[in-house]
Structures are given as structure tokens and as C-alpha cells.
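One structure is given below, encoded as C-alpha cells.
The values are calculated or read from the model by the stated rules, or taken from the named source; none is laboratory data. Remember, it's a predicted structure, so these values are computed and weren't measured experimentally. Don't worry about glycine lacking a Cβ; one is built from the backbone with ideal geometry, like all the others, and counts go over all protein chains shown. Just so you know, the surface numbers come from the protein's heavy atoms only, side chains and all, with ligands and any DNA or RNA stripped out. Shrake-Rupley method; radii C 1.70, N 1.55, O 1.52, S 1.80 Å.
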Amino acid sequence: MASSSSFLATDFHGDHHHQLPSVVSVQELAKRPLTTIPTPFVGFDQEIPEETLHQPYVEPPILDLQLLTADHETSSLELAKLHSYCQEWGIFQHILIRRHIYVQLVNHGVDKSVMEKLRDEVEAFYKLPVEEKLRYKEQPGDYEGYGGTGRLKGRLEWGDRFYMNTNPIHRRKPHLLPQLPSSFRESLEVYLEEVQKLAMKLMVLMAKALKTEAKKVEEMMDDGMQSVRITYYPPCPRPELVVGITPHSDASGITILNQVNGVDGLKIVKDGAWLPLTFLPHALVVNVGDILEVLSNGLYKSVEHSVAVNSEKERIAVGFFFNPRFDAEVGPATDIVGPENPAKFKRKGMEQYVKDYFAMKMEGRSNLEHMKIDNDGCRQ
């Protein structure tokens, strides 16, 4: 569950002293010969230090879904790995992240041909004339649609995105997904169906790892709020001056990321520093969102992340956000909290949780901090 205000424009002169129009398509801007980066895009260097651009990329742990559904002994060992990825320090496929999960998922069951077809359609969409893409532009006062992005302190991100709620189906905006070119719409629908099944499997497995009632978690997530963010990050001549997306944690239950064209750029926070990640071809990347941290009463922790852009290559990514039903309640699982483990987060209806999330700026872990209860049991 991630979005932002929209900025789209068709005219820009490239002078960093020139006042940027109120709306900008970064993809269109990047097509022009830029001698300087426009001022509204500059200033994120304090959020993502320049030196992180030169750190070697590391590979996060790998989780094999087939092993999680194998014989009892094998699946138990793999489930223990999944649990440890979420809470402990250790080494697995180069690096583990304490109490965070940003795991590559292999043998995930999403057919390679489905992912390749989606890649072709997404690439074709972003090659359309800007006038065609503007048919799906974000409307005033709304957070769904196509557009450039900008959040933190009025600064703009170096990327264009297309964000849509995809479930429940009756909440889909009629001018967005239903109006996409038929081949794009069909390939996206097939992909969404596959990752929806995958996300539910993962939530049930995580519930088992937490030793909370998996059936209750499954009921909470069944026909829940789901959304997709399709983002295009054009090359930037000075990538150290900009950021693809504002540092944040996802408000979702879990997020499944597909690096559509295989170009890396994802960074996470580890030990207070930014760490760049690299992924296997056709692997899907899963991260815990704020809702799962709340559900686990802080045992699992959503990871703060951002995107660095490339000076030579475009990066295209599809994020799928898996959330509870609108009539569900977001809060610590009742069979996890108790006298020895008091609730660390308040409870809130999912409908209100969504309204509050979009009313706040998506910055750092601000949404999660809003849900916390202080040490005296008082709500912050």
C-alpha cells in the first residue's frame, strides 16, 4: 500500500533556476539533454548518502517455497528459517537482516511466462506517448492513477508510477485497470491472481511460524485490500542527487516485489546505514509490512527501504501490496499478547487504518509510529 501526490507536465526547459511546472513526467523530462538536475529533485542526498551508491550489492536470503510445502521435517526446518529471517542476526546467502525480512523467493509458483508477459506489457505501456498514459492520470484529491511522484518536504522523486487498488473488485476505479489496453489488462489480471495466491500462502506460513492461529489470519486477509504499484525510474545523469522513492516502510501486510526488467536499485536500512541489494533473475522479493509488524506485536519488523536510480539504465518494478479485509481489525494477534507480552500497538479498523495512512506523509516509519503504544500503556 504505497502512493503519493501526482505531478505531470509536458513542458520543461531544463534550467535548474527555472521554476518547475506544478506537474512533471520524469520519464519525459529524462528524454531531454540535462546539464543540471532541476532543483525540486535535488536534496535527497541527506536521506540516501552518496557513498551508498558505491557500496557493493549484496544478495538477501533465499527462501524456497517448494521446501516449505515438502515433507514435515524439511518444511519445519524451512519454516524455522523463515522465522529467523524475521527476528535474528545470522548468515544465509550472504546476509540476514535482524528482525526484518527482505527475502528472495524462488520456486514461488508464479510461472516464468506470466512474469515475462507482464514485463513486455509494462515496458510497452511506458513506451506509449505521454498523452496516452495521461488517460489514467491521478485525479485531484485521489491517490490512484498514473503520474510522477513527490512527497517529502515538497521535493520530487525520480520516477513515474501507476498505482491502483485491485481488490476488492468492486472498489476498482472504472477508468483505470478496466480501461487498460486489453493485452496489458489480461496479463496484469493473470499475474495478480498468481501473486494473490502466493501472498495468502506466505501469510499462513508466517502465522504458523509465529504460532498464532493461521485460520484467523487467513480469514482476515481473505478478499482483503490489494493494490499494485507499477513504477518506471528513468536513467539520471546525477543519480547521487536524487532518489527513486522516499525512504519508507510499507503499510501493507506483506509486499511482493517484481523487478520487471532485472535492474537493481532497492536499498534497505541495516544498522542505521543504507545497504543496496541484488536479486536472482525471476525471483520475487517479499518484505514484511507495518501490518504484519503490528500483528506479530513487534516480533517481525517492517523494513525501511528506498530506491536508487541508475545513470545508464531504466528500472521498472511492480509492487503488490497484500492487506486485510476492510471490515477487519488491525492489531496484535490476541494469542500473542498477554501479561508477559503486552500489546505494543493499538487496534484500529482496517478502513480507518487506510484513511489515516493516506492522510499522512509516507516518510520513514511514521505510519507505524502512529500505531504504537508507549511504555506506560498510553497511546502515543
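Would you check if there is a residue in the stretch 362-372 being part of a strand (DSSP E or B), touching a residue at least 40 places away in the same chain (Cβ under 8 Å) and over 23 Å from residue 227 (Cβ atoms)?
Checked against the condition, which is being part of a strand (DSSP E or B), touching a residue at least 40 places away in the same chain (Cβ under 8 Å) and over 23 Å from residue 227 (Cβ atoms), the stretch 362-372 yields no hits at all.
Go through the stretch 321-352 and count every residue that is over 28 Å from residue 197 (Cβ atoms), of a type in the set (A, V, I, L, M) and in a strand (DSSP E or B). Counting residues in the stretch 321-352 that are over 28 Å from residue 197 (Cβ atoms), of a type in the set (A, V, I, L, M) and in a strand (DSSP E or B) gives 0.
Screening the stretch 207-320 for strands (runs of 3 or more DSSP E) wholly inside it with 2 or more residues that are open to solvent by 20 Å² or more (accessible area, probe 1.4 Å) returns the ranges 254-259, 266-270, 273-276.
Within the option set 198, 202, being open to solvent by less than 10 Å² (accessible area, probe 1.4 Å), in contact with a His (Cβ under 8 Å, 6 or more places away or on another chain) and touching a residue at least 60 places away in the same chain (Cβ under 8 Å) holds for one residue only, 198. Taking residue 330, is it of a type in the set (A, V, I, L, M, F, W, C) and crowded, with 23+ Cβ neighbours inside 10 Å? Considered against the rule, which asks whether it is of a type in the set (A, V, I, L, M, F, W, C) and crowded, with 23+ Cβ neighbours inside 10 Å, residue 330 comes out as yes. Is it the case that the stretch 126-135 has a residue that's in contact with a Ser or Thr (Cβ under 8 Å, 6 or more places away or on another chain), at pLDDT below 95, surrounded by fewer than 20 Cβ atoms within 10 Å (Cβ to Cβ) and closer than 26 Å to residue 284 by Cα? Scanning the stretch 126-135, I find no residue that is in contact with a Ser or Thr (Cβ under 8 Å, 6 or more places away or on another chain), at pLDDT below 95, surrounded by fewer than 20 Cβ atoms within 10 Å (Cβ to Cβ) and closer than 26 Å to residue 284 by Cα, so the answer is no. Take residue 211 and tell me if it is more than 26 Å from residue 163 (Cβ to Cβ) and of a type outside the set (A, V, I, L, M, F, W, C). The answer is yes for residue 211. In the stretch 191-249, the qualifying residues are those that are of a type in the set (Gly, Ala, Ser) and under 28 Å from residue 147 (Cβ atoms), and the one that is farthest from the chain's Cα centre (by Cα) is 224.
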